[in-house]
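Beneath this line is the structure, given in structure tokens, with notes to follow.
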Amino acid sequence: MAKIEIFDDEAFSVISLTAAIQETEHVPGRIAELGLFDEKGITSTIAKIEYDGTRLMLVPAKPRGGVGTPTVLKGRRSITVETVHLPLTATMMADEIQGIRAFGSMSELEVAQRRLNQYLTTHRQSLDLTHEWQRVGAINGLILDADGTSVLEDVYDRFGIEKTKFHMQLDKATTFARTQSENVLDLISDALNGMPVRKARALCGKKYWEDLINHKSVRETYLNTTQAAELRGHTADEFELGGVIYERYRGSLNKVPFIPDEEARAFPVGIPDFFITRFAPADYMEVANSEGVPFYSKLETMRFNKGIEIESQSNPLHMPTLPQGIIHLQAGSK
């Protein structure tokens, strides 16, 4: 019969559990699937960002007394941004493992690991969903907490940048959607000081998507293409028009859509580090001052050996480095 002491095994150390939760299968959100955010670890909980009025840059940490990263002072300013601490806890009581017995070739240790992995899977999926939520927030320019109202980071306010809005005028039959798409590319290029932009992606809310695919000019454009059947029947979740890949984004929290129904968010494709994710280390002595990884997990024995406390956490910073290059598209004329 397994006992609480089984969790003193090396298989349940911070290193082993952290490796386990990293490998746990997760259900990725669409932003994760697209791979839009460049991920790296940092050694502190605070990221110093230099902003020159055009591009945001993370300043790499250096040893004390080491050579600093060269900067150009003209027009630059430094802003400190904290990573977000996302801890989750669970309790595995002694009663949950007291009936564990070896079964076939499976040892008590292996059965205990399997039980624990069920908790890690739940934690991992919750953290993955939170990353998706915050990454969409970074695209929106407003990163909100889990309650959907508390502001964790207002990107435009923090850096003193005005968001760019563009009305697609999909409420007018005379609008030519392809030309409007090309105008979106021009807006992005202008916002990036003339940087050539040949392709963009637009994540669309439900009503915006419906107005777009049902618009007269869109249907006529694809009338004689292989996509005509889709337009006559069930449509795909994305298509390209005028250099912009439009996609119906599906995601909501408490019935509130991640992307507003009548809006879309357009941003360039192919610009390195346009979106970044940086992970700080966990607040555990074992990993202090080490380079952060996406997920951590740790166990702690409860008083009187009544069970174990399980904690998993992630400490991310999700940020666009060129927020002025994100265009807020409006379906209507105003």
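Here are some notes:
- Some residue of the stretch 180-197 being in contact with a strand residue (DSSP E or B) (Cβ under 7 Å, 6 or more places away or on another chain), outside any helix (DSSP H, G or I) and within 30 Å of residue 299 (Cβ to Cβ): no
- Per-region count, the stretch 141-192, residues of a type in the set (D, E, K, R) and within 30 Å of residue 82 (Cβ to Cβ): 9
- All positions within the stretch 170-199 that are among the β-branched types (Val, Ile, Thr) and in contact with a Phe, Trp or Tyr (Cβ under 9 Å, 6 or more places away or on another chain): 184, 188
- If you filter the stretch 23-55 down to residues that are part of a loop (DSSP other than H, G, I, E, B) and acidic (Asp, Glu), you find that the one that is modelled with the lowest pLDDT is 52.
- Number of residues in the stretch 146-160 that are farther than 23 Å from residue 256 by Cα and surrounded by 13 or more Cβ atoms within 10 Å (Cβ to Cβ): the value is 2.
- Residue 147 vs. criteria free of Cβ contacts under 8 Å to residues at least 24 places away in the same chain, over 12 Å from the mean Cα position of the chain (by Cα) and within 27 Å of residue 310 (Cβ to Cβ): yes
- Qualifying residue in the stretch 138-160 (condition: modelled with pLDDT of 90 or more, among the aliphatic types (A, V, I, L, M), in a strand (DSSP E or B) and in contact with a Gly (Cβ under 7 Å, 6 or more places away or on another chain)): yes
- Scanning the stretch 127-140 for any residue that is over 22 Å from residue 265 (Cβ atoms), of a type outside the set (Phe, Trp, Tyr) and surrounded by 21 or more Cβ atoms within 10 Å (Cβ to Cβ) turns up at least one such residue.
- Checked against (1) out of contact with any Ser or Thr (no Cβ under 9 Å at 6 or more places or on another chain); (2) assigned to a strand (DSSP E or B), residue 298 meets all criteria but (1).
- Of everything in the stretch 186-217 that is under 22 Å from residue 320 (Cβ atoms) and acidic (Asp, Glu), the residue that is modelled with the lowest pLDDT is 190.
- If the condition is being surrounded by 13 or more Cβ atoms within 10 Å (Cβ to Cβ) and assigned to a loop (DSSP other than H, G, I, E, B), then the stretch 161-171 contributes 161, 163, 168, 169, 170, 171.
- Residue match in the stretch 168-190 (condition: within 27 Å of the chain's Cα centre (by Cα) and among the aromatic types (Phe, Trp, Tyr)): no
- Considering 238, 263, the condition of being modelled with pLDDT of 95 or more and not assigned by TED's automatic domain parsing to the domain that holds residue 38 is satisfied by 263 alone.
- Residues in the stretch 316-330 that are modelled with pLDDT of 90 or more and part of a loop (DSSP other than H, G, I, E, B): 326 only.
- Here the stretch 289-313 is the region considered, the condition is being hydroxyl-bearing (Ser, Thr, Tyr) and either within 13 Å of residue 41 (Cα to Cα) or surrounded by fewer than 20 Cβ atoms within 10 Å (Cβ to Cβ) (or both), and the residue that is nearest to the chain's Cα centre (by Cα) is 296.
- Being touching a strand residue (DSSP E or B) at 6+ places or on another chain (Cβ under 9 Å) and either closer than 30 Å to residue 113 by Cα or free of Cβ contacts under 8 Å to residues at least 12 places away in the same chain (or both) is a description that does not apply to residue 269.
- Each residue in the stretch 246-260 was checked for being surrounded by fewer than 17 Cβ atoms within 10 Å (Cβ to Cβ) and either closer than 16 Å to residue 32 by Cα or at pLDDT 95 or above (or both), and 3 pass.
- Set 317, 322: member being among the aliphatic types (A, V, I, L, M), within 15 Å of the chain's Cα centre (by Cα) and farther than 23 Å from residue 11 by Cβ: 317
The values are calculated or read from the model by the stated rules, or taken from the named source; none is laboratory data. The model shown is predicted, which means the values in this text are computed figures rather than measured ones. Cβ coordinates were reconstructed from backbone atoms using ideal geometry, including for glycine residues, and neighbour counts include every protein chain displayed.
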